[in-house]
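Encoded as structure tokens, the structure appears first; notes follow it.
The values are calculated or read from the model by the stated rules, or taken from the named source; none is laboratory data. Keep in mind that what you see is a predicted model, and the values were worked out from it rather than measured. Cβ placement follows ideal geometry from the backbone for every residue including glycine, while neighbour counts extend to all protein chains displayed.
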């Protein structure tokens, strides 16, 4: 596994808190002397991780994106596979709560979905290995630390994995604009996975066929669809409302 760069204060703080062994070197933009910088540099000193104050231009050359004045070089994180996830669900001692993204290719959307998944307590986010956004530095920054808290599981054959989930008693709820049932008619209270389709194209045929139920989000205005990360948030929070009831 090769080294990689992450940027943004939330992302760097999350690695420092949860996976400090991955940190190798940190660059901080000159001019910042606030409490946040003091806390991070104190933590780096305690770990013995080298850090350096540099001009913004040097940070700009290391990453593409709004780095907020901090960039870190880290060792690659461990990737879960489907066997890891199935074993984790079996040992969890609580109803499964998963998010499956079928072909979401925009790293901003992936990061936003991870952030919401963390907020509502999703145990893992599942994506197909092909035709799906990678966990890039941009996705990590948008996730605001959630990329370090919610496992991202890449599966080779999504349809086969969906069958494995069904065999394990997980109810699969997919979203589709032409579904007859509303989001508010679905039962999210038990072991379940929310299945979201790709930007624009929606669920692929095989993925759709493996879902136990298809639902739609009621739309009252002239716009006929929502951005996938927004739609994911709407559905996940309805699921959380039911699971807390």
Could you please give the count of residues in the range 205-245 that are touching a strand residue (DSSP E or B) at 6+ places or on another chain (Cβ under 7 Å) and exposed (fewer than 13 other Cβ atoms within 10 Å of the Cβ)?
-> 1
Could you tell me which of the residues 118, 45, 81 is surrounded by fewer than 20 Cβ atoms within 10 Å (Cβ to Cβ) and over 30 Å from residue 240 (Cα atoms)?
-> 45
Return yes or no: is residue 154 out of contact with any helix residue (DSSP H, G or I) (no Cβ under 8 Å at 6 or more places or on another chain), under 30 Å from residue 62 (Cβ atoms) and in contact (Cβ under 8 Å) with a residue 12 or more places away in the chain?
-> yes
So which residues in the range 121-137 are surrounded by fewer than 19 Cβ atoms within 10 Å (Cβ to Cβ) and either at pLDDT below 95 or within 17 Å of residue 231 (Cβ to Cβ) (or both), if there are any at all?
-> 129, 130, 131, 134
Looking at (1) in a loop (DSSP other than H, G, I, E, B); (2) within 17 Å of residue 146 (Cα to Cα); (3) under 16 Å from the mean Cα position of the chain (by Cα), which is the only condition residue 109 fails?
-> (1)
Filter the range 215-245 for residues that are touching a helix residue (DSSP H, G or I) at 6+ places or on another chain (Cβ under 8 Å) and over 21 Å from residue 109 (Cβ atoms) and give the result.
-> 218
Filter the range 57-69 for residues that are out of contact with any helix residue (DSSP H, G or I) (no Cβ under 6 Å at 6 or more places or on another chain) and under 15 Å from residue 26 (Cβ atoms); which is surrounded by the fewest Cβ atoms within 10 Å (Cβ to Cβ)?
-> 58
Unmet criterion (only one of (1) over 17 Å from residue 128 (Cα atoms); (2) out of contact with any helix residue (DSSP H, G or I) (no Cβ under 8 Å at 6 or more places or on another chain); (3) touching a residue at least 12 places away in the same chain (Cβ under 8 Å)) for residue 84 | (1)
When the range 138-152 is checked residue by residue, the ones that are modelled with pLDDT under 90 and part of a loop (DSSP other than H, G, I, E, B) are 144, 145, 149
So is residue 51 under 22 Å from residue 111 (Cβ atoms) and surrounded by 12 or more Cβ atoms within 10 Å (Cβ to Cβ) or not?
-> no
Answer with yes or no whether residue 98 is surrounded by 17 or more Cβ atoms within 10 Å (Cβ to Cβ), in a strand (DSSP E or B), assigned by TED's automatic domain parsing to the domain that holds residue 162 and in contact with a strand residue (DSSP E or B) (Cβ under 9 Å, 6 or more places away or on another chain).
-> yes
